[in-house]
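Below you'll find the structure, written out as C-alpha coordinates, and then a few comments.
The values are calculated or read from the model by the stated rules, or taken from the named source; none is laboratory data. Every value quoted in this text rests on a predicted model; they were computed, and no experiment measured them. Every residue, glycine as well, gets a Cβ built from its backbone with ideal geometry; the counts of neighbours run over all protein chains shown.
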Amino acid sequence: MRIKGSDSPPFAKTTQFVALAVVVVGIALGTPDSARAGAAGCAAATKAATLQSKTPFHATYTVTPATPGAFPTEHHEEIWVDKTMYTKLGDGRWAHALVTNNPMGGFTGPLNGFSDCRPLPAASIRGETATGYDFKMESGRRTKIWISPRSGLPVREIVDQDILLATLDFDYANVKAPAH
(Lines give C-alpha, C1' and ligand atoms only; values in the text may rest on other atoms or scores of the structure.)
Protein backbone atom coordinates (compact mmCIF):
# COMPACT_ATOMS: atom_id res chain seq x y z
CA MET A 1 0.00 0.00 0.00
CA ARG A 2 1.65 3.25 -1.13
CA ILE A 3 0.36 6.68 -0.22
CA LYS A 4 0.83 9.23 -3.01
CA GLY A 5 3.77 11.51 -2.35
CA SER A 6 5.30 9.17 0.25
CA ASP A 7 8.55 7.24 0.09
CA SER A 8 7.84 5.20 3.23
CA PRO A 9 7.83 1.42 2.84
CA PRO A 10 4.44 -0.36 2.86
CA PHE A 11 5.05 -1.77 6.34
CA ALA A 12 5.38 1.75 7.76
CA LYS A 13 2.05 2.74 6.23
CA THR A 14 0.34 -0.34 7.68
CA THR A 15 1.82 0.46 11.09
CA GLN A 16 0.57 4.06 10.80
CA PHE A 17 -2.89 2.78 9.85
CA VAL A 18 -2.99 0.37 12.80
CA ALA A 19 -1.75 3.11 15.16
CA LEU A 20 -4.47 5.45 13.88
CA ALA A 21 -7.10 2.74 14.36
CA VAL A 22 -5.89 2.15 17.93
CA VAL A 23 -6.13 5.90 18.65
CA VAL A 24 -9.68 6.06 17.23
CA VAL A 25 -10.77 3.03 19.29
CA GLY A 26 -9.08 4.52 22.35
CA ILE A 27 -10.98 7.77 21.89
CA ALA A 28 -14.24 5.87 21.48
CA LEU A 29 -13.59 3.79 24.59
CA GLY A 30 -12.57 6.92 26.48
CA THR A 31 -15.81 8.64 25.57
CA PRO A 32 -18.03 9.02 28.65
CA ASP A 33 -20.84 6.49 28.99
CA SER A 34 -23.41 9.29 28.68
CA ALA A 35 -22.06 10.29 25.26
CA ARG A 36 -22.09 6.67 24.05
CA ALA A 37 -25.65 6.30 25.43
CA GLY A 38 -26.59 9.51 23.61
CA ALA A 39 -25.23 8.17 20.33
CA ALA A 40 -27.13 4.92 20.89
CA GLY A 41 -30.29 6.91 21.66
CA CYS A 42 -29.90 8.93 18.47
CA ALA A 43 -29.37 5.73 16.50
CA ALA A 44 -32.45 4.14 18.11
CA ALA A 45 -34.63 7.22 17.49
CA THR A 46 -33.42 7.55 13.89
CA LYS A 47 -33.97 3.84 13.25
CA ALA A 48 -37.51 3.99 14.70
CA ALA A 49 -38.42 7.11 12.70
CA THR A 50 -36.97 5.58 9.52
CA LEU A 51 -38.97 2.37 10.07
CA GLN A 52 -42.09 4.44 10.71
CA SER A 53 -41.57 6.26 7.40
CA LYS A 54 -42.06 2.87 5.69
CA THR A 55 -44.92 1.58 7.86
CA PRO A 56 -48.61 2.55 7.63
CA PHE A 57 -49.85 4.09 10.87
CA HIS A 58 -52.82 5.69 12.57
CA ALA A 59 -51.94 8.67 14.76
CA THR A 60 -54.07 10.48 17.27
CA TYR A 61 -52.61 13.58 18.77
CA THR A 62 -53.36 16.34 21.17
CA VAL A 63 -52.02 19.87 20.85
CA THR A 64 -51.86 21.83 24.09
CA PRO A 65 -50.63 25.40 24.58
CA ALA A 66 -47.34 25.87 26.41
CA THR A 67 -49.03 28.77 28.19
CA PRO A 68 -52.28 27.55 29.74
CA GLY A 69 -55.31 29.21 28.19
CA ALA A 70 -53.41 30.67 25.21
CA PHE A 71 -55.65 28.65 22.90
CA PRO A 72 -57.97 25.68 23.33
CA THR A 73 -56.54 22.17 23.40
CA GLU A 74 -57.00 20.49 20.02
CA HIS A 75 -57.40 16.81 19.12
CA HIS A 76 -56.40 15.49 15.70
CA GLU A 77 -56.31 12.22 13.83
CA GLU A 78 -54.19 11.15 10.86
CA ILE A 79 -53.63 7.99 8.88
CA TRP A 80 -50.57 7.43 6.71
CA VAL A 81 -50.70 4.66 4.12
CA ASP A 82 -49.36 4.21 0.58
CA LYS A 83 -47.40 7.50 0.75
CA THR A 84 -50.61 9.42 1.43
CA MET A 85 -51.39 11.31 4.64
CA TYR A 86 -55.10 11.46 5.53
CA THR A 87 -56.15 14.12 8.02
CA LYS A 88 -59.54 14.03 9.72
CA LEU A 89 -61.27 17.38 9.43
CA GLY A 90 -63.51 18.95 12.07
CA ASP A 91 -66.64 17.90 10.17
CA GLY A 92 -65.54 14.23 10.10
CA ARG A 93 -64.42 14.17 6.46
CA TRP A 94 -60.89 13.09 5.54
CA ALA A 95 -58.55 15.26 3.48
CA HIS A 96 -55.51 13.67 1.88
CA ALA A 97 -52.13 14.71 0.50
CA LEU A 98 -49.21 12.82 -1.04
CA VAL A 99 -46.26 12.55 1.36
CA THR A 100 -43.27 10.92 -0.28
CA ASN A 101 -40.67 10.99 2.50
CA ASN A 102 -40.93 11.22 6.29
CA PRO A 103 -44.66 11.37 7.09
CA MET A 104 -43.92 12.99 10.47
CA GLY A 105 -41.43 15.48 9.02
CA GLY A 106 -43.61 18.40 10.07
CA PHE A 107 -43.08 17.36 13.68
CA THR A 108 -39.64 15.73 13.70
CA GLY A 109 -37.83 17.33 10.78
CA PRO A 110 -35.25 15.36 8.76
CA LEU A 111 -34.62 11.79 9.89
CA ASN A 112 -30.87 12.36 10.04
CA GLY A 113 -31.15 15.57 12.05
CA PHE A 114 -31.39 14.12 15.59
CA SER A 115 -28.71 15.05 18.16
CA ASP A 116 -28.11 15.46 21.90
CA CYS A 117 -30.01 12.23 22.62
CA ARG A 118 -30.67 11.16 26.19
CA PRO A 119 -32.41 8.10 27.61
CA LEU A 120 -35.77 8.59 29.31
CA PRO A 121 -37.45 6.28 31.79
CA ALA A 122 -39.45 3.50 30.16
CA ALA A 123 -43.20 4.08 30.01
CA SER A 124 -46.17 1.74 29.83
CA ILE A 125 -48.13 2.72 26.73
CA ARG A 126 -51.24 0.69 25.86
CA GLY A 127 -49.98 -2.18 28.02
CA GLU A 128 -46.48 -2.31 26.52
CA THR A 129 -43.30 -1.08 28.20
CA ALA A 130 -41.65 1.28 25.71
CA THR A 131 -38.08 2.60 25.73
CA GLY A 132 -37.85 6.40 25.83
CA TYR A 133 -35.41 8.94 24.41
CA ASP A 134 -35.23 12.72 24.52
CA PHE A 135 -33.43 14.33 21.57
CA LYS A 136 -32.91 17.60 19.78
CA MET A 137 -34.18 17.97 16.24
CA GLU A 138 -32.31 19.83 13.53
CA SER A 139 -34.64 22.79 14.22
CA GLY A 140 -33.30 22.93 17.80
CA ARG A 141 -36.61 21.81 19.34
CA ARG A 142 -36.69 18.96 21.88
CA THR A 143 -38.67 15.80 21.24
CA LYS A 144 -39.41 12.79 23.40
CA ILE A 145 -40.08 9.43 21.77
CA TRP A 146 -41.03 6.04 23.18
CA ILE A 147 -40.25 3.00 21.05
CA SER A 148 -41.83 -0.43 21.18
CA PRO A 149 -39.16 -3.06 21.86
CA ARG A 150 -41.36 -5.58 20.04
CA SER A 151 -41.82 -3.71 16.75
CA GLY A 152 -39.07 -1.07 16.88
CA LEU A 153 -41.69 1.57 15.99
CA PRO A 154 -42.55 4.76 17.89
CA VAL A 155 -45.66 4.38 20.05
CA ARG A 156 -45.66 7.89 21.51
CA GLU A 157 -43.94 11.14 20.70
CA ILE A 158 -44.07 14.49 22.47
CA VAL A 159 -42.82 17.42 20.40
CA ASP A 160 -42.06 20.78 22.00
CA GLN A 161 -42.80 23.44 19.40
CA ASP A 162 -42.18 26.41 21.72
CA ILE A 163 -45.77 27.72 21.96
CA LEU A 164 -47.36 24.27 22.00
CA LEU A 165 -46.80 20.65 22.89
CA ALA A 166 -47.98 17.97 20.49
CA THR A 167 -48.49 14.51 22.02
CA LEU A 168 -48.84 11.84 19.35
CA ASP A 169 -49.89 8.23 19.91
CA PHE A 170 -49.29 5.75 17.09
CA ASP A 171 -51.07 2.50 16.23
CA TYR A 172 -49.93 0.17 13.42
CA ALA A 173 -52.54 -2.62 13.51
CA ASN A 174 -54.81 -3.03 10.48
CA VAL A 175 -54.17 0.47 9.13
CA LYS A 176 -56.14 1.22 5.97
CA ALA A 177 -56.92 4.37 4.06
CA PRO A 178 -60.18 5.92 5.29
CA ALA A 179 -63.20 6.25 3.04
CA HIS A 180 -63.24 9.78 1.65
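Could you run through region 159-172 and say how many residues are surrounded by fewer than 18 Cβ atoms within 10 Å (Cβ to Cβ) and closer than 19 Å to residue 66 by Cβ?
Of the residues in that region, 7 qualify.
Which residue is surrounded by the most Cβ atoms within 10 Å (Cβ to Cβ), if the candidates are limited to region 135-146 and must be assigned to a strand (DSSP E or B) and in contact (Cβ under 8 Å) with a residue 24 or more places away in the chain?
Quick first cut of region 135-146, residues assigned to a strand (DSSP E or B) only: 135-136, 142-146.
Then drop every residue that is not in contact (Cβ under 8 Å) with a residue 24 or more places away in the chain, which leaves 135, 143-146.
Values: 135: 23, 143: 24, 144: 19, 145: 27, 146: 24.
Step by step, filter region 135-146, then rank; the result is 145.
For region 53-66, name all the residues that are modelled with pLDDT of 90 or more and either touching a strand residue (DSSP E or B) at 6+ places or on another chain (Cβ under 8 Å) or farther than 23 Å from residue 176 by Cβ (or both).
Within region 53-66, 56, 57, 58, 59, 60, 61, 62, 63, 64, 65 meet the criteria.
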